[in-house]
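Values quoted throughout were computed directly from the atomic coordinates according to the rules given, and no laboratory measurement underlies them. Keep in mind that what you see is a predicted model, and the values were worked out from it rather than measured. Note that we place each Cβ from the backbone using ideal geometry, even for glycine, and neighbour counts take in every protein chain shown.
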Amino acid sequence: MKYESTRGNHELVDSSEAIRQGMVPQGGLFVPVSIPKIDLASLVGLDYCALATKVIGEFLTDFSKEELAEVIGKAYQSSHFDNEKVVPLKMINDKVGILELFHGPTAAFKDLALQLLPHLLTLSIQKQQLKEEVVILVATSGDTGKAALEGFKDVKGTRIIVFYPKDGVSLMQERQMVTTAGSNTAVIGVEGNFDDCQNMVKDIFGDEDFSSQLSESGFELSSANSINWGRLVPQIVYYFHAYNQMVENGSIAFKDEINVTVPTGNFGNILAAYYAKRMGLPIKTLICASNRNNVLTDFFKTGRYNRKREFHKTSSPSMDILISSNLERFLFHLLGDAEVVKLYDGLSEKGEFSIDDAVISQINKIIESGYADEDEVKDEIRTMLQRDNYLMDPHTAVAMRVYKKYCEKTGDTTPTVVDSTASPYKFVKSVYDAISGVNSDHDDFRLIGELKEISGVDIHPALKSVASLEIKHDSNIKIAEGRQMIKTVLQID
Ligand SMILES: *Cc1c(COP(=O)(O)O)cnc(C)c1O
């Protein structure tokens with residue numbers, strides 16, 4: 001399997017090269033040149049690791065089956081994921097299952113990809129015979145930073161340095177990051193907001209002088225953000241696993257169709273479901289759920305993508321996004337590289353692009369979309385606990401509410417998987433306030449015990465002890481001090 005650029009501006013590469021580079025240097029994302037078909041019957045009865053080895057093996061063909069099986073076994077071992085199914089499907093009635101993607105070490109679905117990516121990256125480096133130690137730079141607004149830290153912690157041949165906006169992440173998120181152990185980790189608070197942090201990191205990536213200084217000392221920079229193919233491919237697996245669980249629990253017969261509802265930000269998770277569908281998983285409709293930042297809902301309704309709009313801070317911050325990077329891959333598969341170049345030139349020049357009505361109606365046959373506002377999210381969290389005895393986080397609540405609105409509108413009764421992307425204990429205050437109907441003055445750590453009392457749901461093991469863990473990282477810098485900080489961490493000069 002070879003990989004090409006969505007913008008036709010790179011030669012074909014192997015998967016290990018696509019993973020090592022992360023994105024196409026001149027702009028564009030790596031995509032597989034074709035989407036392999038898989039025999040559904042061959043996946044029946046497989047456990048998560050065996051299933052992952054099969055599905056991922058279809059895409060990463062320059063890795064041997066043995067190599068993949070070994071790293072997949074490490075990534076999803078029971079000391080990392082606190083559920084034997086890795087991604088358990090909880091049926092709330094005979095038609096709707098919630099796919100819990102938050103049983104990994106940081107309680108967010110990003111663990112599914114970031115527990116495996118470091119291994120794929122180190123194997124890729126070996127295959128490419130690079131001698132340098134790889135330094136992963138991450139700018140984070142919260143979830144990605146901790147998931148990447150846990151993934152890369154103590155992985156041989158790698159260092160990870162995470163920059164986060166000092167006053168721009170939740171108390172729980174900050175504490176999760178600064179208590180990370182591991183001899184190769186660094187976590188740095190930056191004076192500024194997330195955009196400042198991200199721009200600083202991008203600026204460092206583009207600085208050739210700095211790169212060659214690092215390279216002389218034996219280091220090479222790389223990135224762990226969601227446009228890396230190595231982060232997308234592990235996510236395809238859990239859609240097959242969810243399907244198998246629906247067959248096993250009798251909600252569907254083998255080969256029956258299902259729908260999938262995904263709380264969407266950067267469009268990676270839902271794109272993975274689209275790849276699963278193209279591989280042969282019987283998915284009828286993909287339901288794309290947004291919060292108030294509903295740029296995607298508007299796009300799927302009108303064909304016009306317009307990022308020039310007000311940015312809303314919501315209770316589902318991981319979906320507060322106006323440029324959904326992975327949409328580019330989806331459009332490539334429908335339209336080809338020449339059209340993608342036109343569209344994305346338009347996006348960077350004018351902040352918008354449009355596609356034909358004919359294409360939009362083609363897309364609407366596969367994707368339905370909708371959004372939920374803040375009141376609806378609160379109401380959904382409260383209702384789900386009262387009526388279905390299920391405690392959900394705000395991202396999951398967006399998906400559930402959008403799914404219910406879809407059912408009301410269409411009358412569709414197809415059995416459906418709703419993705420749950422974070423543990424409710426990661427967003428304690430939002431969840432607590434939604435359930436109690438008041439705006440509590442207390443912080444996440446004060447409310448976590450009360451939330452457990454009200455809901456009866458066990459606290460995610462990764463979050464239970466966060467407040468009492470030793471703080472291991474306390475460096476804070478100004479934007480201009482980024483390069484020097486990296487040198488200090490790497491003990492250069
Ligand atoms: C990252 C994230 C999302 C959005 O996923 P995309 O793949 O970017 O669409 C949704 N929920 C949570 C909790 C996340 O961390």
* So what is Rg over Rh here for the stretch 127-198, counting just Cα atoms and using Kirkwood for Rh? -> 1.02
* To do: Please report, in whole Å, how far the alpha carbons of the chain spread along each principal axis, starting with the longest.
  => 65, 52, 48
* Using θ = phi - 60° and the Karplus form 6.51 cos²θ - 1.76 cosθ + 1.60, what ³J(HN,Hα) does each residue of the stretch 192-207 get, whole Hz, x for Gly and Pro? -> x, 9, 4, 4, 4, 4, 5, 5, 4, 5, 4, 4, 5, 4, x, 8
* Structure fact -> If the chain between residue 91 and residue 468 were fully extended at 0.36 nm per residue, the gain over the current Cα-Cα distance would be 132.3 nm
* Structure fact -> Note on the chain, DSSP bridge orientation, antiparallel percent to nearest 5 equals 20 percent
* Structure fact -> Honestly the stretch 29-186 on the Cα gyration tensor test (a ≥ b ≥ c root eigenvalues; a/c under 1.5 rounded, otherwise a/b vs b/c for prolate or oblate) is just oblate
* How long are the three semi-axes of the equivalent ellipsoid for the stretch 1-47, computed from the Cα gyration tensor as the root of 5 times each eigenvalue, in whole Å, largest first? -> 28, 11, 8
* Structure fact -> Looking only at aspartates and glutamates whose Cα falls under 17 Å of residue 74's and that sit 8 or more positions away or on another chain, we get 47, 66, 82, 84, 111, 150, 154
* Structure fact -> For residue 184, the residues 5 or more places away or on another chain with a placed amide H closer than 5 Å to its own amide H are 154
* If you average 1/r over every pair of different alpha-carbon atoms in the stretch 94-145 and take one over that average, what Kirkwood value in Å do you get? -> 13.5 Å
* To do: Quick one: compute a quarter of the convex hull surface over the Cα atoms of the stretch 221-341 and quote it in nm².
  => 9.5 nm²
* Structure fact -> Rounded to the nearest Å, the spacing of the alpha-carbon centers of the stretch 122-161 and the stretch 1-75 is 18 Å
* the stretch 10-89: mean projected area of Cα convex hull, nm² -> 6.8 nm²
* Structure fact -> Quick note on 378, 110, 127, ordering by fewest other C-beta atoms within 10 Å, gives 127, 378, 110
* Once you treat every alpha carbon in the stretch 359-451 as an equal point and sum by Debye, what is log10 I(q)/I(0) at q = 0.14, 0.15, 0.20, 0.23 Å⁻¹? -> -0.56, -0.62, -0.96, -1.17
* **Cα→Cβ-extended label distance, 7 Å offset, between residue 487 and residue 166, nm** => 2.2 nm
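What is the gain in length, in nm to one decimal, between residue 181 and residue 342 on full extension, counting 0.36 nm per residue of separation less the C-alpha to C-alpha distance?
Extending this stretch completely gives an extra 53.4 nm.
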